[in-house]
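Just below is one structure, and these are the notes that go with it.
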Ligand code: SF4
Ligand code: SF4
Ligand code: SF4
């Protein structure tokens with residue numbers, strides 16, 4: 001591993017809470033590591049487990065999925081459905097020997113700019129410890 | 001083994017036009033094999049067989065008749081009946097068009113295991129009794145020769161049927177060599193090694209998916225062009241992607257029949273992945289697929305008290 005290696009982390013943020021939380025961190029000039037590549041989704045419940053696998057396949061070193069706190073979902077219960085899916089996927093990934101911290105989850109509300117920055121810091125820290133991802137990364141490129 | 005009763009019942013159902021077709025088993029083209037057969041005339045019911053090799057999950061064969069008006073009788077072991085229940089619940093087949101002939105399962109035997117232990121074998125030298133068989137003048141226990149899925153079977157008796165042929169049976173004792181338990185106890189590195197070794201052999205023929213009664217999508221994500229999730233090339237990473245994706249699709253739906261694993265030409269322990277997902281769901285969301293027509297599938301519902309400690 002090169003000393004100056006920096007992990008690439010794909011972050012799926014829900015439009016109503018976590019994305020707004022990231023925005024707040026931005027306008028409040030709260031610093032956080034620039035390793036994340038944000039993909040805005042309507043709801044954490046809209047994050048298909050295949051998106052997470054796909055991000056890892058395309059070479060992300062880590063994935064962060066963040067949504068509204070339980071009870072605060074804009075669509076009332078999307079994040080509760082998401083929690084079940086993510087729990088299963090997380091356990092399954094570990095069971096095939098993929099590092100637990102490659103895929104991380106958080107609840108960040110629109111008013112938690114500070115928490116957003118902490119979550120990103122912690123996520124990056126944990127992925128850095130693991131080093132570059134290898135296990136699900138595609139072995140060649142194809143063109144659609 | 002109730003073969004006569006099954007034939008007689010099927011004949012009667014066809015003769016009285018209670019059903020238009022019977023889906024059952026007939027002798028395979030190779031020894032120690034039974035294959036699915038669709039029978040529509042009463043005289044053909046003589047072809048039906050029922051033995052320790054009647055393993056294919058017949059629920060799969062209902063699917064082409066989903067949009068027909070045919071009424072179908074289906075022979076169903078525990079796992080076939082569970083698969084039918086999932087299909088009914090998912091509105092893939094109407095309850096009133098399937099007549100389930102429930103068969104308490106005697107346990108399906110693996111030909112590979114027989115050959116490994118006994119060497120060269122001929123079908124006519126075997127005579128099967130309850131839980132044992134006679135071969136070369138000696139009595140053998142069936143249990144060590146069962147298919148992996150059958151040796152860990154928790155529901156040999158069909159949970160849903162219109163009539164039952166045979167006597168309900170008890171569970172087998174537990175198997176100490178079960179891979180599921182073995183992998184549960186391993187370290188991350190060992191687990192990776194196991195799956196790397198298994199999945200590098202995968203040639204992505206999709207036989208596992210095609211044998212599965214619950215993989216009925218018109219277009220599978222593995223072969224979709226837009227979006228294109230994986231390539232068709234059987235690299236380790238894309239094999240893993242396919243099997244993880246498939247296991248997630250089977251979450252709360254897999255009935256542990258092992259049809260996927262038996263279909264695999266590479267003898268990959270592929271049924272373990274959807275099975276593990278089922279165990280995660282059973283332990284955390286107290287749900288098992290194909291046991292009730294009323295209970296919501298686990299991913300279509302939630303509880304506020306679901307595990308959440310893994311989320312920051
Ligand atoms: S049947 Fe076996 S080789 Fe074929 S795709 Fe499934 S796991 Fe791979
Ligand atoms: S995934 Fe395998 S064990 Fe589960 S229902 Fe499908 S074929 Fe049966
Ligand atoms: S793997 Fe998924 S998409 Fe493919 S047939 Fe099975 S359930 Fe459908």
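The values are calculated or read from the model by the stated rules, or taken from the named source; none is laboratory data. Keep in mind the model is a prediction, meaning the values are calculated, not measured. Here the Cβ is made from the backbone with ideal geometry for all residues, glycine too, and neighbour counts use every protein chain on show.
Go through the stretch A:22-60 and count every residue that is within 14 Å of the chain's Cα centre (by Cα) and in a helix (DSSP H, G or I).
Final tally of qualifying residues: 12.
Check the stretch A:63-72 and report whether any residue there is in contact with a strand residue (DSSP E or B) (Cβ under 6 Å, 6 or more places away or on another chain), more than 25 Å from residue B:279 (Cα to Cα) and surrounded by fewer than 22 Cβ atoms within 10 Å (Cβ to Cβ).
yes
Just checking, does the stretch A:124-144 include any residue being part of a strand (DSSP E or B), within 14 Å of the chain's Cα centre (by Cα), buried (at least 20 other Cβ atoms within 10 Å of the Cβ) and more than 11 Å from chain B (Cβ to nearest Cβ)? Show your work before the answer.
Filtering the stretch A:124-144 for residues part of a strand (DSSP E or B) gives none.
No; the residues of the stretch A:124-144 include none that is part of a strand (DSSP E or B), within 14 Å of the chain's Cα centre (by Cα), buried (at least 20 other Cβ atoms within 10 Å of the Cβ) and more than 11 Å from chain B (Cβ to nearest Cβ).
When residues of the stretch B:207-240 are filtered for being buried (at least 16 other Cβ atoms within 10 Å of the Cβ), more than 8 Å from ligand 3 (Cβ to nearest atom) and under 19 Å from residue B:275 (Cβ atoms), how many remain?
Result for the stretch B:207-240: 6.
For the stretch B:94-142, how many residues meet the condition of being surrounded by 15 or more Cβ atoms within 10 Å (Cβ to Cβ) and under 20 Å from residue B:259 (Cα atoms)?
Qualifying residue count, the stretch B:94-142: 15.
Pull up the stretch B:241-276, narrow it to residues that are near ligand 1 (Cβ under 8 Å from one of its atoms) and surrounded by 24 or more Cβ atoms within 10 Å (Cβ to Cβ), then point me to the one that is farthest from the chain's Cα centre (by Cα).
Once the filter is applied, the top-ranked residue is B:242.
Go through the stretch B:196-312 and tell me which helices (runs of 4 or more DSSP H), entirely inside it, have 1 or more residues that are in contact with a strand residue (DSSP E or B) (Cβ under 7 Å, 6 or more places away or on another chain) and within 11 Å of chain A (Cβ to nearest Cβ). Step through it out loud before you land on a result.
Numbers: elements: B:207-211, B:236-249, B:259-263, B:272-285.
Here the list is empty.
Looking only at the stretch B:165-185, decide whether some residue is at pLDDT 95 or above, assigned to a loop (DSSP other than H, G, I, E, B) and within 14 Å of another protein chain (Cβ to nearest Cβ). Please lay out each step first, then the result.
Just the residues of the stretch B:165-185 that are at pLDDT 95 or above, to begin with: B:165.
Checking which are assigned to a loop (DSSP other than H, G, I, E, B) leaves us with B:165.
Next cut, within 14 Å of another protein chain (Cβ to nearest Cβ) only: none.
No, the stretch B:165-185 has no match at all.
I need a count of the residues in the stretch A:93-109 that are more than 10 Å from every other protein chain (Cβ to nearest Cβ) and buried (at least 18 other Cβ atoms within 10 Å of the Cβ).
So the first thing to find is which residues in the stretch A:93-109 are more than 10 Å from every other protein chain (Cβ to nearest Cβ), and the list is A:101-102, A:109.
In the following step, the residues that additionally are buried (at least 18 other Cβ atoms within 10 Å of the Cβ) were identified as A:102, A:109.
The number of residues fulfilling the criteria is 2.
Residues checked against (1) near ligand 2 (Cβ under 9 Å from one of its atoms); (2) under 23 Å from residue B:197 (Cα atoms); (3) not assigned by TED's automatic domain parsing to the domain that holds residue B:88:
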{"position": "B:251", "(1), (2), (3)": "no, no, yes"}
{"position": "B:258", "(1), (2), (3)": "yes, yes, yes"}
{"position": "B:266", "(1), (2), (3)": "no, yes, yes"}
{"position": "B:271", "(1), (2), (3)": "yes, yes, yes"}
{"position": "B:285", "(1), (2), (3)": "no, no, yes"}
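Out of all the residues in the stretch B:256-283, which are under 17 Å from residue B:300 (Cα atoms) and touching a helix residue (DSSP H, G or I) at 6+ places or on another chain (Cβ under 7 Å)?
If the condition is that a residue be under 17 Å from residue B:300 (Cα atoms) and touching a helix residue (DSSP H, G or I) at 6+ places or on another chain (Cβ under 7 Å), then B:277, B:280, B:281 are the ones that fit.
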